[in-house]
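Report on the following structure.
The values are calculated or read from the model by the stated rules, or taken from the named source; none is laboratory data. Quick caveat: nothing in here was measured; it's all calculated off a predicted structure. So basically every Cβ, Gly included, is an ideal-geometry build from the backbone, and we count neighbours across all protein chains shown.
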Ligand SMILES: [Cu+2]
């Protein structure tokens, strides 16, 4: 944790004082673009557009899902959803517990199944920088989250040298053999030294994938997605303004561990950022607006082909945000960061009647009626470099979370089949539903470098998350209605709770970083133990059982604790002109979470897992052989009927070659076509609907993946 899983290339990350400032400024002033353009070769500008995933030497770039860019970052894993919508997990805390910022925008999922999480709105090819910070995060990057922060940044606008006109861009094609995946993306920038205009577009498609071993098709794993964005940049002296307008359409996306699939998702957004450099410091201003229209039903492989067997469900969301951040150097040793932000999220969720259905009609089911969740936040963060080898960071943050929702209605107030929902709706409509939470967060960390080869960072954080709209306001009590609520992929039904309190996590953690003090950086080892005690963790209790053995669960506050260890290391094996550079890399993540009331394991805790790989770089070639090892999942959340999964080892091969304007990436994943089950995959409900067999979600079999990028 320390907040900062830093690598040497990322020395600026949350680094106290001057380095931080320096990095922020150069990153933003377009200086990198300028350097690049002083060389006429556009091969160089292609390099400038290269992806930087902090802490990962050879990021996986063949997935269509941005969430997988961060695979193998310290403490990071994902849990399965649709093909481009996996949800992030940091140190065993998932989804809403991770503050996910895409270009500075906090986007809440607008769906009772969280089918459209923040990272699903950006395609991996548009990302320039990705970082996952597990555990203790600076307050400037946190708020309304307890597990950590994921930050995704799009590419900044490029500008030409004075007097020149810049025309640059790239095209890329993708192919993945398993599931017949394909994709294409491209960008075009036209700029002078003051204005820059860029258009980017991408599409991505896959059919259902085949499981390892048997080659059996895993139903509801297909998808189709389109992204478009236009970025306008204006740069003058020490000021940079970037405005992005974009639209995403996902005409369909299967969800193998949900009863429903996405049958349309459209997002339209505007995102603006301004960065200014003044004599008192820097000012960073961001604002955004987004509209999401989301439609769910069942795709044909789940049996939803006719107008009378599906179940239409609609969600409409509006998000509007601003964020101000001022970074003020106070002398040579101190830096103060002040921030203010507001996030409005409005949501309507309604299920139109199904023609001729006794159960789903005659009226519309209003799940969330004009709900809103607004957050007003302020923070102050103080970085101090007391001694050349000792620095501290202290931060305070306040989040005011205000929520409310209107009156609701079941499909029918009088029908026998709607009885449970009708009674629940009546109670819900009579209850007072407005809630305001006043949340305080604190982060206190220190960094000490006793030797050139050793640095130790440690600290404490108190972090708070308020319930989301569904945790508080999902009111239905009928078995069908409750099974439509839940972003856990576990097949259970969920009921909200108006009396939930915010969850408060107290985390202590240390990162010991031992590394080669020489500039050759031949080896390094990082070890990061952590402990978190959470008051009022939003967990569940059982309300009743369904005929298939799954349960109706109600959200409830319980105290919990989590602890674990993340580690990573590398050592250079050879470095010679004749053979290039060879490196052995590895990492291990281990986490355990326990509900202190029920003594059940927490849900979605990845079993001990790691990676060991051999990386080779030789001139324009890079190559890698990697083995991913995952232990069997024996500790489960029995309240949610979480399945146990056996351990597995997957062999992967990959490489890339750069030649003039072209970059080729190729990968053979799951070389031995092992059969395995995803420990965080939940239940394979697509297959259950079709076959009646209920089991864990199988992972993907062997796949040959490649992409070719041409820059101009
Ligand atoms: Cu949905």
(request) Specify the residue that is surrounded by the most Cβ atoms within 10 Å (Cβ to Cβ); the eligible residues are those in the stretch 104-123 that are modelled with pLDDT of 90 or more and closer than 23 Å to residue 158 by Cβ. (result) 121
(request) Collect the residues in the stretch 235-249 that are in a strand (DSSP E or B) and more than 16 Å from the ligand (Cβ to nearest atom), keeping them in residue-number order. (result) 235, 236, 239, 240, 241, 242, 243, 244, 245, 246, 247
(request) Inspect the stretch 360-376 for any residue being surrounded by fewer than 16 Cβ atoms within 10 Å (Cβ to Cβ), under 23 Å from the mean Cα position of the chain (by Cα) and without any contact (Cβ under 8 Å) to a residue 60 or more places away in the chain and give the result as yes or no. (result) yes
(message) Cβ-Cβ under 7 Å, sequence separation 6+ or interchain: first residue in the stretch 538-557 and in a loop (DSSP other than H, G, I, E, B), partner surrounded by fewer than 18 Cβ atoms within 10 Å (Cβ to Cβ) and at pLDDT below 95. Which pairs?
(response) 546/479; 548/694
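Tell me the residue from 224, 232 that is part of a strand (DSSP E or B) and over 27 Å from residue 484 (Cα atoms), please. Show your work before the answer.
On the way: 224 fails: over 27 Å from residue 484 (Cα atoms).
One residue alone meets the criteria, 232.
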(request) Keeping to the stretch 346-365, report how many residues are outside any loop (DSSP other than H, G, I, E, B) and farther than 14 Å from residue 410 by Cα. (result) 3
(request) For residues that are over 17 Å from residue 64 (Cβ atoms) and not in a strand (DSSP E or B), scanning just the stretch 250-281, find the one that is nearest to the ligand (Cβ to nearest atom). (result) 260
(request) Check 316, 301 and return the single one that is out of contact with any helix residue (DSSP H, G or I) (no Cβ under 7 Å at 6 or more places or on another chain) and in contact (Cβ under 8 Å) with a residue 12 or more places away in the chain. (result) 316
(request) Could you tell me which residue of the stretch 76-107 is nearest to the ligand (Cβ to nearest atom), considering only residues that are under 20 Å from residue 504 (Cβ atoms) and part of a loop (DSSP other than H, G, I, E, B)? (result) 92
(request) Go through the stretch 109-126 and count every residue that is more than 15 Å from the ligand (Cβ to nearest atom) and over 13 Å from the mean Cα position of the chain (by Cα). (result) 2
(request) Could you please give the count of residues in the stretch 189-202 that are surrounded by fewer than 23 Cβ atoms within 10 Å (Cβ to Cβ) and either in contact with a helix residue (DSSP H, G or I) (Cβ under 7 Å, 6 or more places away or on another chain) or modelled with pLDDT of 95 or more (or both)? (result) 5
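Table: residues versus (1) within 30 Å of residue 368 (Cα to Cα); (2) part of a strand (DSSP E or B).
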position	(1), (2)
394	no, yes
402	yes, yes
406	yes, no
443	no, yes
449	no, yes
(request) May I ask you to verify whether residue 598 is modelled with pLDDT of 95 or more, in a loop (DSSP other than H, G, I, E, B) and surrounded by fewer than 19 Cβ atoms within 10 Å (Cβ to Cβ)? (result) yes
(request) Test residue 649 against the criterion of being assigned to a loop (DSSP other than H, G, I, E, B) and surrounded by fewer than 19 Cβ atoms within 10 Å (Cβ to Cβ), and give yes or no. (result) no
(message) If I filter the stretch 291-307 down to residues being modelled with pLDDT of 75 or more and away from the ligand (no atom under 13 Å from the Cβ), which single residue comes out as farthest from residue 222 (Cα to Cα)?
(response) 291
(request) Being within 13 Å of the chain's Cα centre (by Cα) and in a loop (DSSP other than H, G, I, E, B) is the filter; apply it to the stretch 142-152 and report the residue that is surrounded by the fewest Cβ atoms within 10 Å (Cβ to Cβ). (result) 145
(request) Give the residue that is farthest from residue 105 (Cα to Cα), with candidates limited to residues of the stretch 124-141 that are at pLDDT 90 or above and part of a loop (DSSP other than H, G, I, E, B). (result) 136
